[in-house]
Amino acid sequence: DTAVSQTPKYLVTQMGNDKSIKCEQNLGHDTMYWYKQDSKKFLKIMFSYNNKELIINETVPNRFSPKSPDKAHLNLHINSLELGDSAVYFCASSQDRLAGATWGELFFGEGSRLTVL
Amino acid sequence: GDSVTQMEGPVTLSEEAFLTINCTYTATGYPSLFWYVQYPGEGLQLLLKATKADDKGSNKGFEATYRKETTSFHLEKGSVQVSDSAVYFCALIRLTGGGNKLTFGTGTQLKVEL
């Protein structure tokens, strides 16, 4: 069973289109994240949700809108795609209970490679 | 704010060579420190971690020691293999009221050749 799964794995689309990436985790974690990785492998956090509540919202264009229908799912919708949105988007989850052995550890999905033409 | 600085790559080594990837951090309080590894085409996975000063994290032959006096968490391995070729990320996390945000370094690509 994949712990953190993202779909689709690859996405090729035209500028100006709207697209969504879905993420699901079966680890029972409280917190989920979206990260963007550029072509130089630099990782930047975009959003974080804890129990469906948005807790981290970095400086991201408002064309990006996350949605968490429940604590096991976090989706990312992108409107009016631009060339600069081309990247690999990673979903991750973590257990935030301080007593947990895996506190602070993020579990990542395999990534969704978005190419905007 | 918090930050993590890693040595730039790519680092190219021959198999069985000794590896060091430097990592230093800036953070207030007492962060926990991590090394993540990203193999080609995959997501990141935790390699090792240390939660307090002088702790040593180790896994798969890799080690790193949390040095508060030098604010460092250098990654080492005595004898690398071709299968260690990957991108390595140093990271820190602090418990804050605004959520546990992991701060990553820029990543260091390691290439191991026969």
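Scan region B:7-25 for residues that are surrounded by 12 or more Cβ atoms within 10 Å (Cβ to Cβ), at pLDDT 95 or above and not hydroxyl-bearing (S, T, Y) and report the count.
8
Mind listing just one residue for me: the one in region B:34-54 that is within 25 Å of B:T71 (Cβ to Cβ) and small (G, A, S) and, of those, farthest from the other protein chains (Cβ to nearest Cβ)?
Ranking the candidates gives B:A53 first.
Looking at this structure, is A:K67 surrounded by fewer than 17 Cβ atoms within 10 Å (Cβ to Cβ), away from chain B (no Cβ under 12 Å) and without any contact (Cβ under 8 Å) to a residue 12 or more places away in the chain?
yes
Return the pairs, sorted by first residue and then second, in which the second residue is of a type in the set (D, E, K, R) and buried (at least 19 other Cβ atoms within 10 Å of the Cβ), the first residue lies in region B:48-70 and is within 10 Å of B:P31 (Cβ to Cβ), the beta carbons are less than 6 Å apart, and the residues are 6+ apart or on different chains.
none
Under 7 Å between Cβ atoms, at least 6 apart or on separate chains: pull out the pairs that start in region A:47-60 with a residue that is more than 9 Å from every other protein chain (Cβ to nearest Cβ) and end on any residue that is assigned to a strand (DSSP E or B) and acidic (D, E).
Pairs found: A:K52/A:D70.
How about region A:1-17: which of its residues are in a strand (DSSP E or B) and among the aliphatic types (A, V, I, L, M)?
A:V4, A:L11, A:V12
Every residue in region B:59-75 that is surrounded by 15 or more Cβ atoms within 10 Å (Cβ to Cβ) and either polar (S, T, N, Q) or in a strand (DSSP E or B) (or both), please.
Answer for region B:59-75, where residues must be surrounded by 15 or more Cβ atoms within 10 Å (Cβ to Cβ) and either polar (S, T, N, Q) or in a strand (DSSP E or B) (or both): B:F62, B:E63, B:A64, B:T65, B:R67, B:T71, B:S72, B:L75.
Just one of B:L48, B:L95, B:L75 is within 23 Å of A:D30 (Cα to Cα) and either modelled with pLDDT of 95 or more or among the acidic types (D, E) (or both); which is it?
B:L48 is the lone residue from the list that is within 23 Å of A:D30 (Cα to Cα) and either modelled with pLDDT of 95 or more or among the acidic types (D, E) (or both).
The values are calculated or read from the model by the stated rules, or taken from the named source; none is laboratory data. Everything numeric here is computed off the predicted structure, so don't read it as measured data. Every residue, glycine among them, receives a Cβ derived from its backbone with ideal geometry; neighbour counts consider all protein chains shown.
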